[in-house]
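Student: Here it is, the structure, as structure tokens.
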Amino acid sequence: MHINRPRVRCAVRGFYRLPPTAYRLLSKSSVLGLLAVVTLGVAPSIGAQGLASIVGRVVSADAGKPVVGVFISLDGGGPLAQSDSAGQFEIDSVPSGIHTVRARRVGYLPVSLGLSLDAGAPYRVTIALAPEVAVMGAVTVIGTKTDLDETRQRIALVPGSVAMIEPAALRATRQANLKDALQFTSGVYVQPRFGAADESQISVRGSGLRDNFHARGINLLVNGMPYRNADGFTDFESLELLTTQAIQVYKGANALRYGGSTLGGAINLDTKTGYSAPPIGVFGQGGSYGFYKTQLESGAARGGFDYYASYAHTSLGGYRDWSNQRRDRVNLHAGLKLSSKVDTRAFYFFAHVKEHLPGSLTKAAFDSAPRSADPENVTNKWGREYDLHHVGLQIRTQLTPTQRIDVSPYMQYRDIDHPIFQVISQVSRDIGAEIRYENSASLFGMSNHFTLGAQPAAENLDNRQYVNVAGKHGALTKDQKDEVSALGVYAENVLSLTPRLSGVVGARYERSTRKSTDYFLSNGDQSDSRVYKPITPRAGFVYALPSAEGQLFANVSRTFEPPLLLELNSLDIPGFIDLRGQDALQYELGARGSRLGIAWDVALFDVELKNEILNINVQPFPGAPFTVPTYRNADRTRHRGVEAGLTWQLPGAVFLRGPVDDHLVARVAYTLARFTFQRDSTYEGNDIPGAPAHHVAAELKYLHPSGFSIAPAVEWVPKAYYVNSDNTVKNDGWATLGVRVEWNIERAGLSAFVAGQNLADRRIALGALIVDPTRLTASWWLGCRPGELQQQRL
């Protein structure tokens, strides 16, 4: 469905660095909005740049023999090359000037070299790596560049599709929600439900198709620790991307290290520390329909101590009536290196979230008054407000040169008041820990990396509901104590079988309980309990291609996802509903690499599911004007598809030639996916609704040596897709056009951008709210603005 759309959203951003003697702040601009960051420090200068290349060889420092499989990175970025069987590598299209080359491989100490490159002739270098066992290893300090390098190396050894959003790529976005950050990650489909706000529909390989609110089917983590309830339920509203340094996406069963129990895998947000944050930073952003985002931050490191502190505020007036939203978030971090063997870090984040929910519209109301809210929602003040406190501690100890242990306990408290058809009042308390042991000692003379981990978690939830009286608490209708306990134990081993081939095996065992004790018995006793004890094995391989700058990978993996408490307890009947755990077997084959300025990745996946958990909707009482979700198991379903990503710095200049060149960088992410009912009493042979079969995000960025850049971008769903399980109602395909214009004056320390979205000025349906049985009603989340979604009932 394509409808003319209101004017587009745009924003302005400024970034400013001052010398140490200058202390002043930029004032707020009256032009749409302003983002400003003030940093105390001297900005590096950049001179005229041509292109150079690096040709190198990696040898062992003790024997002088070639070292294969060494990852080569440049200036703190991700791996650009990998040494071949002769120890050789090559990196092309490097801007001339001073660079830092870093070489890393499991079993060897990392090496960094400073190089001065001239345009034209290749720079030849030999890098000698010392075996790790030859030197007493020091602990890697959490949150440093070395820690980030280890993350990149670990990702490169995963035998499946993974992605890392680097700091520079993250900073080049609006940083308002996960869609901004993950737009160009193939296989990940994210569509915000309320414009610039963070509440989103997210699906990875078809996960979360039952997700009509908040997030399910995926593990969200902060600094490697779960940001969720112990049963897996989570949302987005407490996450602050302005404090995020980098993001890792482990798709599907590739998230063994981070829980491995969900179909969608895991998304981990690493936060800034004193090693990566500016001493003083002020940030502000504005856009249409009352969108404002501001931040004050500070970070520094001195000796073995570092700190980071941030306060961020987000507000959104919203396109529709009764759609105001507000976020206030505080992040505090402190790290202390106790010795050469022990590093510690404590962090705390707080979020206050308040939002109004405008509800759904009839088709006639949408056509005539698309900015109106459902009168019932306004009268009974539908919305959501909560406070969240999250405390974590990380202790990293280097036991021996090849052995390390990380112990990371955490605690989370949330108090929520959520007036909808009833007022949901909940207080949840979660505790847990991540305990991880790693050993990189060689095995039978071959490089090896072994990981053993334990993940205990517990949740205690006071769960009450009241009659909604103009948003206030009326008569009590529900009073339960909900409890979850879980213990996951996992192991994974990566063994270099040959200089090019690494085998990966792993498994996870989990014991998870769900228990509800009902204290409101006038509508029957809903007390019940369930226990789940899955074992999820995994096997795969990674093979370094002869080109030395690419890999093949494959894996066969199992995941098991127990139901959430809200799914088990979704109807007012005695005990839990009859709902089993979701069991999936994943087959995956793919490749990734980079060469001649082209970085690429492609993966084919086939997931065979038993008892996939899908939603159905029922009227809570006869004649109710709305439905509420409950859940069922689909007997056999299948998710299969192709994910492909490409980034290419086009060779040659565009307008300028000589020592100072301009250039173009293109990037595209494409996902082809189909999710089907294989065996189901009602929908066998139908598509599972909720996500498009094709999704494309593309951008072409022009960069001028003066610091000017312009980047038009397209997001495209070329074909209609079903929004009900009967496969009788479709959402039309759509396309949006955006552009980002940026200007960096590096010597002055100034950067500013203006960005526009949906320049074609159209109203489209960006995501789907699935409501079955569709013979009664089908609902869509319709975009009234770029990224601003509203529900429409047909």
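The values are calculated or read from the model by the stated rules, or taken from the named source; none is laboratory data. Fair warning: this is a prediction, and the values are worked out from it, not measured in the lab. When we count neighbours, we look across all protein chains shown, and the Cβ atoms used for this are built from the backbone with ideal geometry, even at glycine. These area figures cover heavy atoms from the full protein model, side chains too; ligands, DNA and RNA do not enter into them. Shrake-Rupley method; radii C 1.70, N 1.55, O 1.52, S 1.80 Å.
Student: Of everything in the stretch 200-251 that's polar (S, T, N, Q) and part of a strand (DSSP E or B), which residue is most open to solvent (accessible area, probe 1.4 Å)?
Tutor: First pass over the stretch 200-251, keeping only residues polar (S, T, N, Q): 200-201, 203, 207, 212, 219, 223, 229, 234, 238, 243-245, 248.
Imposing the further condition that a residue be part of a strand (DSSP E or B) reduces the set to 200-201, 203, 219, 234, 244-245, 248.
Values: Ser200: 0, Gln201: 12, Ser203: 6, Asn219: 5, Thr234: 2, Thr244: 2, Gln245: 37, Gln248: 1 Å².
Filtering the stretch 200-251 for residues that are polar (S, T, N, Q) and part of a strand (DSSP E or B), the one most open to solvent (accessible area, probe 1.4 Å) comes out as Gln245.
Student: Oh, and also: Name the single residue, out of those in the stretch 647-697 being of a type in the set (Lys, Arg) and in a strand (DSSP E or B), that is surrounded by the fewest Cβ atoms within 10 Å (Cβ to Cβ).
Tutor: Keep residues of the stretch 647-697 that are of a type in the set (Lys, Arg), which gives 657, 667, 674, 679.
Next, only the ones that are in a strand (DSSP E or B) stay: 667, 674, 679.
Working: Arg667: 20, Arg674: 15, Arg679: 13.
Looking at residues that are of a type in the set (Lys, Arg) and in a strand (DSSP E or B), I get Arg679.
Student: May I pose another question? Just the residues that are under 15 Å from Lys293 (Cβ atoms) and within 11 Å of the chain's Cα centre (by Cα), please, taken from the stretch 171-207.
Tutor: Asn177, Leu178, Lys179, Asp180, Ala181
Student: Which numbered condition trips up Ala121, out of (1) within 33 Å of the chain's Cα centre (by Cα); (2) modelled with pLDDT under 85?
Tutor: (1)
Student: Then there's this: Consider the stretch 417-446. How many of its residues are aromatic (Phe, Trp, Tyr) and assigned to a strand (DSSP E or B)?
Tutor: Pass one, the stretch 417-446, residues aromatic (Phe, Trp, Tyr): 421, 437, 444.
Still in the list and also assigned to a strand (DSSP E or B): 437.
Looking only at that region, the number is 1.
Student: Which residues, taken from the stretch 428-453, are within 26 Å of the chain's Cα centre (by Cα) and open to solvent by less than 40 Å² (accessible area, probe 1.4 Å)?
Tutor: Ser428, Asp430, Gly432, Ala433, Glu434, Arg436, Glu438, Thr451, Gly453
Student: Are any of the residues in the stretch 52-59 assigned to a loop (DSSP other than H, G, I, E, B), at pLDDT 50 or above, surrounded by 15 or more Cβ atoms within 10 Å (Cβ to Cβ) and not polar (S, T, N, Q)? So that I can check it myself, show each step before the final result.
Tutor: Taking the stretch 52-59 and keeping what is assigned to a loop (DSSP other than H, G, I, E, B), we get none.
No, the stretch 52-59 contains no residue that is assigned to a loop (DSSP other than H, G, I, E, B), at pLDDT 50 or above, surrounded by 15 or more Cβ atoms within 10 Å (Cβ to Cβ) and not polar (S, T, N, Q).
Student: Before we move on, is Gly590 modelled with pLDDT under 90 and among the small types (Gly, Ala, Ser)? Quick ask: steps written out before the conclusion?
Tutor: Working: modelled with pLDDT under 90: no; among the small types (Gly, Ala, Ser): yes.
Here the answer is no, as Gly590 does not meet what is asked.
Student: Can you tell me which residue within the stretch 454-474, out of those that are more than 26 Å from the chain's Cα centre (by Cα) and among the charged types (D, E, K, R), is farthest from Tyr509 (Cα to Cα)? Full working, then the answer.
Tutor: Applying the first criterion (more than 26 Å from the chain's Cα centre (by Cα)) to the stretch 454-474 yields 460-474.
Filter once more, so that each one left must be among the charged types (D, E, K, R): 462, 464, 472.
Working: Asp462: 28, Arg464: 33, Lys472: 44 Å.
Per the stated criteria, the residue is Lys472.
Student: Return the residues of the stretch 536-546 that are free of Cβ contacts under 8 Å to residues at least 60 places away in the same chain and either crowded, with 23+ Cβ neighbours inside 10 Å or hydroxyl-bearing (Ser, Thr, Tyr) (or both); say none if nothing qualifies. Give the derivation first.
Tutor: Step one: of the stretch 536-546, the residues free of Cβ contacts under 8 Å to residues at least 60 places away in the same chain are 537, 539, 543, 545.
Selection gives Tyr543 alone.
Student: Say whether the condition of being surrounded by fewer than 16 Cβ atoms within 10 Å (Cβ to Cβ), hydrophobic (A, V, I, L, M, F, W, C) and under 24 Å from Met411 (Cα atoms) is met by at least one residue in the stretch 459-476.
Tutor: no
Student: Among all residue pairs at least 6 apart or on different chains, which show Cβ distances below 8 Å where the first residue, located in the stretch 391-408, is farther than 10 Å from Thr344 by Cα and the second is small (Gly, Ala, Ser) and in a strand (DSSP E or B)?
Tutor: From residues that are farther than 10 Å from Thr344 by Cα, the pairs are Val391/Ala346; Gly392/Ala346; Gly392/Ser408.
Student: Any idea which of Gly64, Gly47, Gly76 is open to solvent by 20 Å² or more (accessible area, probe 1.4 Å), at pLDDT 75 or above and not aromatic (Phe, Trp, Tyr)? Can you show your working first?
Tutor: Working: Gly47 fails: at pLDDT 75 or above; Gly76 fails: at pLDDT 75 or above.
Among Gly64, Gly47, Gly76, only Gly64 is open to solvent by 20 Å² or more (accessible area, probe 1.4 Å), at pLDDT 75 or above and not aromatic (Phe, Trp, Tyr).
Student: I've got another one for you. Mind listing whichever residues of the stretch 508-557 are among the small types (Gly, Ala, Ser), assigned to a strand (DSSP E or B) and over 26 Å from Asp601 (Cα atoms)? Don't jump to the end; show me each part of the working.
Tutor: To start, the set of residues in the stretch 508-557 that are among the small types (Gly, Ala, Ser) comprises 512, 516, 522, 524, 527, 529, 539-540, 544, 547-548, 550, 554, 557.
Now drop any that are not assigned to a strand (DSSP E or B), which leaves 512, 516, 529, 539-540, 544, 550, 554, 557.
Ser512, Ser516, Ser529, listed by residue number.
Student: Further, regarding this structure: Residues to consider are Asp180, Asp231, Asp198; find the one that is modelled with pLDDT under 85 and of a type outside the set (Ser, Thr, Tyr).
Tutor: Working: Asp180 fails: modelled with pLDDT under 85; Asp231 fails: modelled with pLDDT under 85.
Asp198 is the lone residue from the list that is modelled with pLDDT under 85 and of a type outside the set (Ser, Thr, Tyr).
Student: What pairs can you find where one residue is in the stretch 736-759 and touching a residue at least 12 places away in the same chain (Cβ under 8 Å) and more than 14 Å from Arg174 (Cβ to Cβ), the other is charged (D, E, K, R) and open to solvent by 50 Å² or more (accessible area, probe 1.4 Å), and their Cβ atoms are less than 7 Å apart, with a gap of 6+ or different chains?
Tutor: The qualifying pairs are Gly749/Arg17.
Student: Please pick out the residue among Arg384, Arg404 that is of a type outside the set (Asp, Glu), within 25 Å of the chain's Cα centre (by Cα) and on the phi < 0 side of the Ramachandran plot.
Tutor: Numbers: Arg404 fails: within 25 Å of the chain's Cα centre (by Cα).
Exactly one residue qualifies, and that residue is Arg384.
Student: Can I ask one more? Here's a check for you: in the stretch 349-393, which residue that is at pLDDT 85 or above, open to solvent by 60 Å² or more (accessible area, probe 1.4 Å) and not hydrophobic (A, V, I, L, M, F, W, C) is farthest from Gln422 (Cα to Cα)?
Tutor: His389
Student: If you don't mind, another one. Kindly list, by first and then second residue, each pair from a residue in the stretch 626-655 that is under 28 Å from Asp92 (Cβ atoms) to a residue that is hydroxyl-bearing (Ser, Thr, Tyr) and open to solvent by 20 Å² or more (accessible area, probe 1.4 Å), limited to pairs with Cβ atoms under 6 Å and residues at least 6 apart or on different chains.
Tutor: Glu643/Thr671; Ala644/Tyr670; Gln649/Ser93
Student: Continuing with this model, one more query. Looking at this structure, is Val484 in a strand (DSSP E or B), of a type in the set (A, V, I, L, M, F, W, C) and surrounded by 20 or more Cβ atoms within 10 Å (Cβ to Cβ)? Let's see the steps before the verdict.
Tutor: Details: in a strand (DSSP E or B): yes; of a type in the set (A, V, I, L, M, F, W, C): yes; surrounded by 20 or more Cβ atoms within 10 Å (Cβ to Cβ): yes.
Yes: the conditions hold for Val484.
Student: Filter the stretch 124-170 for residues that are more than 27 Å from the chain's Cα centre (by Cα), modelled with pLDDT under 90 and within 30 Å of Ile405 (Cα to Cα) and give the result.
Tutor: Within the stretch 124-170, Ala128, Leu129, Ala130, Pro131, Glu132, Val133, Ala134, Val135, Met136, Gly137, Ala138, Val139 qualify.
Student: Okay, moving on. Would you call Ile405 within 30 Å of Phe553 (Cβ to Cβ), hydrophobic (A, V, I, L, M, F, W, C) and at pLDDT 95 or above? Before the answer, list the steps.
Tutor: Details: within 30 Å of Phe553 (Cβ to Cβ): yes; hydrophobic (A, V, I, L, M, F, W, C): yes; at pLDDT 95 or above: yes.
So Ile405 passes the test.
Student: With respect to Arg508, determine if the residue is charged (D, E, K, R), modelled with pLDDT under 95 and open to solvent by less than 20 Å² (accessible area, probe 1.4 Å). Full working, then the answer.
Tutor: Values: charged (D, E, K, R): yes; modelled with pLDDT under 95: yes; open to solvent by less than 20 Å² (accessible area, probe 1.4 Å): yes.
So Arg508 passes the test.
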